[in-house]
1. If each residue of separation counts as 0.36 nm, what is the full-extension length gain between Ser122 and Asp176 once their alpha-carbon separation is subtracted?
2. Using the Cα centre of the chain as the reference point, and only Cβ charges (+1 on K/R, -1 on D/E), how large is the resulting charge dipole? Debye, rounded to the nearest 20.
3. Leaving ligands, DNA and RNA out of it, report the carbon-plus-sulfur percent of the accessible area of the chain at a 1.4 Å probe.
4. Distances over 31 Å make up what percent of all Cα-Cα pairs in the chain?
5. Just from its helices, what would the mean residue ellipticity at 222 nm be for the chain, if runs of 4 or more DSSP H residues each count -39500 (n - 2.57) and the sum is divided by every residue, rounded to the nearest 500 deg cm²/dmol?
6. Kindly provide the GluC sites (Glu not before Pro) of the stretch 156-214 that DSSP labels as loop, not H, G, I, E or B, and whose Cβ sees at most 15 other Cβ atoms within 10 Å.
7. Can you work out the FRET efficiency for the pair Arg10 and Val214, with r the C-beta to C-beta distance and R0 = 45 Å, to the nearest 0.05?
8. Which residues make up the longest stretch of the chain clear of trypsin sites (Lys or Arg not before Pro) that lie in a DSSP loop with no more than 16 other Cβ atoms within 10 Å, not counting the sites?
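The values are calculated or read from the model by the stated rules, or taken from the named source; none is laboratory data. Nothing here was measured: the structure is a model prediction, and the numbers come from that model. Here the Cβ positions follow ideal geometry from the backbone for every residue, glycine too, while neighbour counts run over all protein chains shown. Just so you know, the surface numbers come from the protein's heavy atoms only, side chains and all, with ligands and any DNA or RNA stripped out. Shrake-Rupley method; radii C 1.70, N 1.55, O 1.52, S 1.80 Å.
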Amino acid sequence: MTRPLTAAQRRLIEAADPGTGRLKGTEAQLTALVKRGLAFRHPRPPHDHFLTPAGHRAREPRAEPSEPSEPQAPASTGGVFAARAGGEPVPPASEGPARTREVRSAWQGMLELRRMTNPDASTDRPCAWERTHLVQAAALALEAAGHRPAGAAEGEDGYRVRETPQPDAVAVHAPDAPTLRACVETLEASGWQAGEYTEPRTRRRYVLASPRRV
């Protein structure tokens with residue numbers, strides 16, 4: 001069962017800098033937020049603490065505080081935000097404008113995480129978290145750009161992001177060539193290296209994408 005935020009933790013999050021997400025509090029308070037996945041400690045001196053994307057979402061009005069857990073693609077359940085990888089058997093809890101707000105907030109939080117954790121403060125290429133959560137990161141970039149994920153039914157139009165045998169790449173499938181090309185353009189603009197390939201057996205085109213390092 002998810003533990004709600006304490007009143008002190010809620011006040012700490014709400015008092016964070018609205019632009020950078022920088023937090024102020026005691027070491028014990030900040031460490032507690034880090035353990036819940038709502039904050040991270042910057043690796044460079046003075047080692048300030050900042051909100052993670054989950055921490056930013058917890059600031060939103062009527063946001064349900066939740067214990068962040070490791071995102072499980074492609075499902076999006078239990079109140080924990082997960083970008084839609086396409087083909088989810090269970091639709092996300094929120095739809096329409098509410099879902100749009102959640103995705104926009106998550107993408108802004110991701111850009112902030114890039115700025116705070118990339119050595120050169122760059123926001124134009126993926127950060128370490130994205131490199132260890134490839135499916136979720138690529139799906140977030142696509143959904144935030146307005147691409148439509150596939151529904152649960154096999155063959156339903158929309159993108160599908162899936163793992164590959166390569167440890168640093170994901171495959172993106174789409175129903176037609178224009179949609180596939182649009183996915184390539186979005187991923188490249190979001191800091192990914194992406195190229196189109198053909199599956200040997202089915203002859204279907206797909207995109208292979210990996211986070212750009214420079």
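1. Numbers: separation 54, 0.36 × 54 = 19.44 nm, distance 3.30 nm.
That pair, Ser122 and Asp176, stretches by 16.1 nm at full extension.
2. On the way: 30 positive and 26 negative charges, 90 e Å.
The dipole of the chain has a size of about 440 debye.
3. Summing carbon and sulfur atoms, their accessible area is 53 percent of the total for the chain.
4. Numbers: 4986 of 22791 pairs.
Result for the distance tail: 22 percent.
5. Working: 7 runs with 74 residues, N = 214.
Value at 222 nm, helices only: -10500 deg cm²/dmol.
6. Numbers: sites: Glu156, Glu163, Glu185, Glu188, Glu196; in loops: Glu156.
Passing sites in the stretch 156-214 are Glu156.
7. Details: r = 40 Å, r/R0 = 0.88.
With R0 = 45 Å, the Cβ-Cβ based efficiency is 0.70.
8. Values: sites that count: Lys24, Arg62, Arg201, Arg203, Arg204, Arg212, Arg213.
Between the exposed loop sites, the longest stretch runs 63-200.
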